[in-house]
Amino acid sequence: MVYSLIERSARLALMDADEPMELSGGPTRTRPTGQRVFQRFENMLVSRVDGKRVLPENVEVPKRVLELLDLSVEVYGVE
């Protein structure tokens, strides 16, 4: 069910977008599956430094995907 909701949100957002969504392991998409969207977040790592949640500098945040889903990096508990 979650995959379906993410898939629907991504596809609706891409209807108005100028560019397709870049997904890992393949070409860009205008109609991504929920599974392909989630795969984009597989390598996300959140660390704790001095009690605060941080994203390491070498982690590529899929900002465009988050924007299309109307989310921000704050979903990871970081600022």
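The values are calculated or read from the model by the stated rules, or taken from the named source; none is laboratory data. Since this is a predicted model, take the numbers as computed values, not measurements. Cβ atoms come from the backbone with ideal geometry, glycine included; neighbour counts cover every protein chain shown.
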Scanning the range 13-31 residue by residue, those within 17 Å of LEU71 (Cα to Cα) and in contact with a Leu (Cβ under 9 Å, 6 or more places away or on another chain) turn out to be ALA13, LEU14, ALA17, MET21
With the condition kept exactly as written, say whether any residue in the range 42-52 is over 14 Å from the mean Cα position of the chain (by Cα), of a type in the set (D, E, K, R) and under 17 Å from VAL73 (Cβ atoms). yes
Would you check if LEU14 is modelled with pLDDT of 85 or more and surrounded by 14 or more Cβ atoms within 10 Å (Cβ to Cβ)? yes
Residue pairs qualifying under the 8 Å Cβ cut-off, at least six apart or on distinct chains, with the first in the range 2-15 being of a type in the set (Phe, Trp, Tyr) and the second being outside any helix (DSSP H, G or I) and modelled with pLDDT under 95, are TYR3/THR33
I'd like to verify a number: residues in the range 43-79 that are free of Cβ contacts under 8 Å to residues at least 12 places away in the same chain, more than 22 Å from SER9 (Cβ to Cβ), out of contact with any Ser or Thr (no Cβ under 8 Å at 6 or more places or on another chain) and part of a loop (DSSP other than H, G, I, E, B), how many? 5
May I ask you to list pairs of residues, at least six apart or on different chains, whose Cβ atoms are under 7 Å apart, with the first in the range 21-39 being farther than 13 Å from SER9 by Cα and the second being of a type in the set (Ser, Thr, Tyr) and part of a loop (DSSP other than H, G, I, E, B)? GLU22/THR28; GLN39/SER24
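Identify all residues within the range 23-42 that are surrounded by 10 or more Cβ atoms within 10 Å (Cβ to Cβ), of a type in the set (Gly, Ala, Ser) and not in a helix (DSSP H, G or I); write none if there are none. Write out each step before concluding.
First, pick out the residues of the range 23-42 that are surrounded by 10 or more Cβ atoms within 10 Å (Cβ to Cβ): 23-24, 26, 28-41.
Among the residues that remain, those that are also of a type in the set (Gly, Ala, Ser) are: 24, 26, 34.
Correct list: SER24, GLY26.
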